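Each remark here refers to the structure printed beneath this line.
The values are calculated or read from the model by the stated rules, or taken from the named source; none is laboratory data. Being a predicted model, the structure only gives us computed values, none of them experimental. We place every Cβ from the backbone using ideal geometry, glycine too, and count neighbours over all the protein chains shown. The area values use the complete protein model at the heavy-atom level, side chains included, leaving out ligands, DNA and RNA. Shrake-Rupley method; radii C 1.70, N 1.55, O 1.52, S 1.80 Å.
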Amino acid sequence: MVEKSADGSGHRMGKWLRKTVIILFWLLVWQAAAVWIHNPILLAGPGQVLQAFGQNLLREDFLKIIFCSFSRIGLGFFLALFAGAAFGAASYRIPLAEEIAAPLMSVLKSVPVASFVVILLIWFGSGRLSFFICFLIVFPNVYVSTLSGLKSADEKLLEMARVFDMGRMNRFFYIYKPAVMPYLNSCLRVSLGMSWKSGVAAEVIGLPAYSLGERLYMSKIYLDTAGVLAWTLTVILISFLFEKAVLWLTEIVDKWKPYPITGGMGGFHLPQSAGNQQKRHGRNKLQSGKQADCSEEKDVRDNRHVRVSHVSKSYGGMQVLQDYSLTLRRGDRYLLTAPSGAGKTTLLRLLTGLESADQGTVEGVPLQVGMVFQEDRLCEEYDAVCNIMLGMGKLMKGKRCAGKQVVEHVCAEAAKILPSDCLNRPVRELSGGMRRRVALLRAVLSGADLLVLDEPFTGLDEENRIRCGEYLLEHLAGKTLLATSHRMEDVELLRGIRVSLVFPGSLCRQE
């Protein structure tokens, strides 16, 4: 009995030993059947097949045969892989493209391979038949898997990406890639075997020169069963190695977790965000039914104030906000307190552009907004430093920075409210309080001019709540803060102005 060692080597040895015994068992069954039939044309034994395989290896044209078949089938597979992924991404971005492609995908998946073989022989001849057959088998599988994976991407993470204005490459690596890879891995495991089966079958029909299919057919013509099985063994070995290589590369891509792209090479400079006030595109042109006085209009244009004017919002016929107005003066701190369901989160979503008001206007929202959502909305597979850096894309856009310096800066800041030993662990392994602090750091270090925090201290004990509050105050110079809370103590902690939703438009400073 194999004992299980601490590193699991004993378990692996037992697994390989069990597989070896199973393989030997079936080889013995094969040999017994060959001896019983006693006819090498009907069934050649393992020894005869191995001898034929050795003779094939000694052929002068063996490597050429392998290369020619591999180039056709491999090229068809990889072209189908990239084309399927590209067309799947295009259909995700353009719904009309998905509708147009739907009938084609149905045809490709339902038409028998034999029909494709006949048509392609007429169109292109036998030389490229295996290439096209492999492509037609793999392409729809990759297309459907890519499209399904993209559609499964977490909508909450995509909203987070919109608020922090994450670049396309960061969205791809940290949101879309983790969603697509499980679908693509399952697809590849099926498609890799199918590509070689269909490709070699096409070669048997088309008989292109120097191909595995041609060798199989010629062995069949001469009733060389051992040769047929030897070339079949060659196909199995090549298919196995090809599958392992592709899945190994896929695993590398899946496990690759680079830090987010934050800019080019050069020196890193801490941002001066207070003087970088601009209007946030697409968030400031809601229909207004009221007019403001000239001084307030000038304040909005200069981005000294953020103004919510006579805003109403309803969901499914239920009124959440009605004729609500609020002015946030630049550099002030506001605490929004109201019962659950009163519309606090809705107001924050209006300010960040995640929702549009039914009536009224939201004006003066800066270009850079940092947000802590009700949920943490973190990329689970990536570490705390990576998640924090995801909010810095807009901050570092156009700046020259060295990635190492950015990482060092983020680590130094994060260590002020997080244990240093948790910074490089995937956030899925962190406690709820740690995850909340990562979300807070992401918003604060984004360089945003307006911080919108939805119950930022949820899940924190009293010590960490005070610690995070003090950290937040240290980084609020020149920034506007609007936070929601159920606790009146948070108003005092952040030394802010209490805002009520109960009486629309009212402001009362917490004494």
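Couple of notes before you dig in:
- Alpha-carbon spread of the chain, three principal axes, descending order, Å: 101, 59, 48
- Accessible area of the chain belonging to carbon and sulfur atoms, whole % at 1.4 Å probe: 61 percent
- Whole-number Å³ per residue for the convex hull built on Cα positions in region 1-128: 263 Å³
- If you plug the beta carbon distance of Asn39 and Glu463 into 1/(1 + (r/R0)^6) with R0 = 56 Å, you get a FRET efficiency near 0.10.
- If both residues of a DSSP beta bridge must be in the chain, then about 45% of such bridges are antiparallel.
- Rolling a 1.4 Å probe over the protein heavy atoms gives the chain an accessible area of 52 Å² per residue.
- By average C-beta atoms within 10 angstrom, highest first, the peptides 423-433, 84-94: 84-94, 423-433
- Segment Phe62-Arg189, extension gain: residue separation times 0.36 nm, minus the distance between their alpha carbons: 43.0 nm
- Inter-label distance, Glu492 to Lys255: 5.3 nm, where each label sits 7 Å from its Cα along the C-beta direction.
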